[in-house]
1. How much of the accessible area of region 131-176, probe 1.4 Å, is carbon plus sulfur, in whole percent?
2. Accessible area per residue for region 68-179 in Å², computed with a 1.4 Å probe and the full protein assembly in place, what is it?
3. I need two numbers for region 51-94: Rg to one decimal and Dmax as a whole number, Cα atoms only, in Å.
4. Could you compute the FRET efficiency for Val187 and Tyr78, with r as their C-beta to C-beta distance and R0 at 25 Å, rounded to 0.05?
5. Distance from the Cα centre of region 134-183 to that of region 103-128, in angstrom?
6. P(r) of region 87-135 in 10 Å steps, Cα pairs, percent per bin?
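The values are calculated or read from the model by the stated rules, or taken from the named source; none is laboratory data. Just so it is clear, the structure is predicted and the values come from calculations on it, not from any experiment. Because the Cβ atoms are built from the backbone with ideal geometry, glycine has one as well, and the counts that use them run over all protein chains shown. Protein only, heavy atoms only, side chains kept; ligands, DNA and RNA dropped before computing areas. Shrake-Rupley method; radii C 1.70, N 1.55, O 1.52, S 1.80 Å.
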Amino acid sequence: MRSSGDGTVAGGPYPLYGNAVEPTARQQAVASATGEAAPTESVGYRGPTACAAAGITYRQLDYWARTGLVEPSVRPAYGSGTQRLYSFRDVVVLKIVKRFLDTGVALQNIRTAVQHLRARGFKDLDRMTLMSDGATVHECSSPDEVVELLQGGQGVFGIAVGVVWRDVESALSQLHGERVDTGETLVGSNPADELARRRNKAV
């Protein structure tokens, strides 16, 4: 890996936390300015649905939302009676967090990794592999980068985000979603199909 001039790591697997640098203020500003950090979705999922798809408890969901680990990007809870709405990507991140916890990565370290993914706008999640040795998480975008980490002893286990993505997609296709614009309940909606329909209608 080579270091770029602004303190970030360029080329090769990107370390997300541990001995690595966190996203710079410039990266965060760019993500915020382009709107990438809060992608809009046309379908949202209520808390119980997000829990079922991610394999977590409602207590975990509530704690992670209140502490800012994974907040609902479609609609936060504004008070009693308000239902949080999570986007498809939110649910993918919830399941990633759950898998890291199951493998023994500390919640604080996971929090830093999620902050990095949020700063880069959660782009290309489905093509990413997250590797960890329990103390550091690395973002890999190619098989060569995975091999490099394994040879260096920095990767003990990995999460193929594309697999998590498809698992969540399959789970949500059996559950209820909600149209963000109308509030209409979608029974057994495939998030990818619904988003494609919306895009086609807009053309």
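1. On the way: 1160 of 2240 Å².
On region 131-176, the fraction of accessible area on carbon and sulfur atoms equals 52 percent.
2. Numbers: 4890 Å² over 112 residues.
Per residue, region 68-179 has an accessible area of 44 Å².
3. Spelled out, the Cα radius of gyration and Dmax of region 51-94 are 9.7, 26 Å.
4. On the way: r = 26 Å, r/R0 = 1.05.
It comes out at approximately 0.45.
5. 10 Å
6. Here the calculated profile for region 87-135 is 24, 61, 14.
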